[in-house]
Amino acid sequence: MPSIILTWAAAILAVVIVNWTTWGRYQTPLLPDRFWAVGVFLLAPLLGMASVLAAMRLSAKMTDPQSANQFTGLVIVPTFMVGIGIFGKVMTISMTAVAIACVVVSVLALLLLRMNLKNFQREEILTKWK
């Protein structure tokens with residue numbers, strides 16, 4: 001929860017800075033718009049939840065915390081970056097695309113949560129990890 005609050009605070013600061021620096025040229029605030037608001041307040045927390053759950057899923061296969069951290073970073077960051085690169089432009093044009101993205105990420109997060117709860121073995125992690 002603290003990371004979400006920090007994300008929202010940084011986003012609000014970004015709105016202030018963007019509007020302050022662009023006011024002289026456009027004479028109107030550029031942000032927040034509806035795409036920005038849904039992206040920051042709904043899609044960003046959903047993506048954060050999905051990435052944490054994916055990291056938990058991948059780290060369950062590792063034998064120590066360092067390799068789990070490194071492996072999940074090597075898998076999750078590029079995957080999300082490719083997804084953002086492919087779908088990012090569409091989500092700035094169509095509100096339907098943003099809504100679909102929110103639904104897809106929500107379903108993905110729920111599936112990951114369900115799989116993680118099903119396969120979580122606390123005792124195995126405590127005895128197996130170094």
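The values are calculated or read from the model by the stated rules, or taken from the named source; none is laboratory data. In this text the structure is predicted, and so the values were computed from the model without any measurement. Note: ideal-geometry Cβ built from the backbone for every residue, glycine included; neighbour counts use all protein chains shown.
The table below lists the values:
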read-out	value
Scope segment 1-12; condition over 22 Å from ALA99 (Cα atoms), surrounded by 10 or more Cβ atoms within 10 Å (Cβ to Cβ) and among the aliphatic types (A, V, I, L, M); matching residues	LEU6, ALA9, ALA10
Residue list for segment 21-36, filter: closer than 20 Å to THR7 by Cα and at pLDDT 90 or above	none
Residue in segment 55-75 that is under 29 Å from VAL16 (Cβ atoms) and free of Cβ contacts under 8 Å to residues at least 24 places away in the same chain present	no
Subset of segment 19-41 (residues that are within 27 Å of ALA101 (Cα to Cα) and of a type in the set (Lys, Arg))	ARG34
Residue satisfying all of: in segment 82-101; assigned to a helix (DSSP H, G or I) and exposed (fewer than 11 other Cβ atoms within 10 Å of the Cβ); farthest from the chain's Cα centre (by Cα) among these	THR96
Qualifying positions in segment 11-64 - β-branched (Val, Ile, Thr) and within 18 Å of the chain's Cα centre (by Cα)	ILE12, VAL38, VAL40, VAL52
When residues of segment 13-40 are limited to those that are outside any helix (DSSP H, G or I) and hydrophobic (A, V, I, L, M, F, W, C), the one surrounded by the most Cβ atoms within 10 Å (Cβ to Cβ)	LEU31
